[in-house]
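Here is the structure we will look at, set down as structure tokens.
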């Protein structure tokens, strides 16, 4: 695994320190002539560290990037890096929008159709050369009275569905498949933190000012992948009963409906949306048909890396076991639904 050297990179004052989230982070601007060919010149990156309680958590962000790529779920590109002053290890994450990465792409905007009903906070205008980002919390606050942004306890898929439906009515684009793939990605990695500000909408205009929305890639994926399990406890995943019990306890951040007493279980959410929206089954099944063996091989390339908090072979093996079992159980759910 090759680290990115961020020595001498300019800190981005607009997003440093970064105001959102529980983990320390700051934004950097890559050099115009980066030494590393993987880095986009002049682009913004987020340098993100582990929660002090979970010193290996930064690995989860990096590993989630690998899983997302293999599951064909859009995720920001991630790299290993170390803080210039302290040497603290972290994840260097590509900003998922901006002129430098969008300037060569073209937006094909649909004609806006004025359909009365749910108002999804369409911005008055958006840039032509790059995207305007609106966090999910902005939509939740407008549509749910007294929405609690601190806890996100009213966060629910049903209200997100209203937004998706409205976008389809107004712009002729159906985003349910992208949401289905992100939710099954979260289920596979065990992400418990897809709260209202860990998703959002990107708006960009075409040459005549017409806009079309798209949902942001799956970002902020570090609250996952056994990050909370200390090294001494990892052997519990050798026991299938304990492994399945751990998987059964996994929950999404959101509820299915705002009135639900509990947040939705990782497996139950996928079963529910596939039964309610049969058209999602193909996209979700496609993501579940990912190369776990290839992932295992790629993950082992991280083991032994020089770091203050290295990824051990024991942790890598446990991660593979848990993800393989989650995938197997989700595939079983999909087969059972097909047989209904």
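The values are calculated or read from the model by the stated rules, or taken from the named source; none is laboratory data. Model, not experiment: these values are computed from the prediction. Neighbour counts run over all protein chains shown; Cβ positions are idealised from the backbone, glycine included.
Please count how many residues of the range 310-333 are farther than 22 Å from residue 245 by Cβ and surrounded by fewer than 17 Cβ atoms within 10 Å (Cβ to Cβ).
Our first condition is that a residue be farther than 22 Å from residue 245 by Cβ; within the range 310-333, this holds for 310-313.
The next check asks that each one be surrounded by fewer than 17 Cβ atoms within 10 Å (Cβ to Cβ); those that pass are 310, 312-313.
The total comes to 3.
Tell me, which residue of the range 49-61 that is surrounded by fewer than 24 Cβ atoms within 10 Å (Cβ to Cβ) and in contact with a strand residue (DSSP E or B) (Cβ under 8 Å, 6 or more places away or on another chain) is nearest to residue 315 (Cα to Cα)? Result: 50.
The sole residue among 251, 255 that is at pLDDT 95 or above, touching a helix residue (DSSP H, G or I) at 6+ places or on another chain (Cβ under 7 Å) and outside the structural domain of residue 137 (by TED's automatic domain parsing) is 251.
If you go through the range 264-309, how many residues are buried (at least 20 other Cβ atoms within 10 Å of the Cβ) and in contact with a strand residue (DSSP E or B) (Cβ under 7 Å, 6 or more places away or on another chain)? Qualifying residue count for the region: 2.
Tell me, please, whether a residue that is in a loop (DSSP other than H, G, I, E, B), at pLDDT 95 or above and under 20 Å from residue 63 (Cα atoms) can be found in the range 270-288. Taking every residue of the range 270-288 in turn, none turns out to be in a loop (DSSP other than H, G, I, E, B), at pLDDT 95 or above and under 20 Å from residue 63 (Cα atoms).
Whether any residue in the range 201-221 is crowded, with 23+ Cβ neighbours inside 10 Å, over 25 Å from residue 130 (Cα atoms) and either free of Cβ contacts under 8 Å to residues at least 60 places away in the same chain or not assigned by TED's automatic domain parsing to the domain that holds residue 60 (or both) is what I want to check. No, that holds for no residue. Looking only at the range 129-163, which residues are within 22 Å of residue 270 (Cα to Cα), touching a strand residue (DSSP E or B) at 6+ places or on another chain (Cβ under 9 Å) and surrounded by fewer than 18 Cβ atoms within 10 Å (Cβ to Cβ)? Of everything in the range 129-163, those that are within 22 Å of residue 270 (Cα to Cα), touching a strand residue (DSSP E or B) at 6+ places or on another chain (Cβ under 9 Å) and surrounded by fewer than 18 Cβ atoms within 10 Å (Cβ to Cβ) turn out to be 153, 158.
Does residue 243 count as surrounded by 15 or more Cβ atoms within 10 Å (Cβ to Cβ) and not assigned by TED's automatic domain parsing to the domain that holds residue 82? Full working, then the answer.
Values: surrounded by 15 or more Cβ atoms within 10 Å (Cβ to Cβ): yes; not assigned by TED's automatic domain parsing to the domain that holds residue 82: yes.
Yes; evaluated as a whole, the condition is true for this residue.
Check whether at least one residue in the range 57-75 is at pLDDT 95 or above, touching a helix residue (DSSP H, G or I) at 6+ places or on another chain (Cβ under 6 Å) and either in the same structural domain as residue 152 (by TED's automatic domain parsing) or part of a strand (DSSP E or B) (or both), and report yes or no. No, that holds for no residue.
Within the range 248-267, the residues that satisfy the criterion of being more than 19 Å from the chain's Cα centre (by Cα) and touching a residue at least 12 places away in the same chain (Cβ under 8 Å) are 248, 257, 258, 260.
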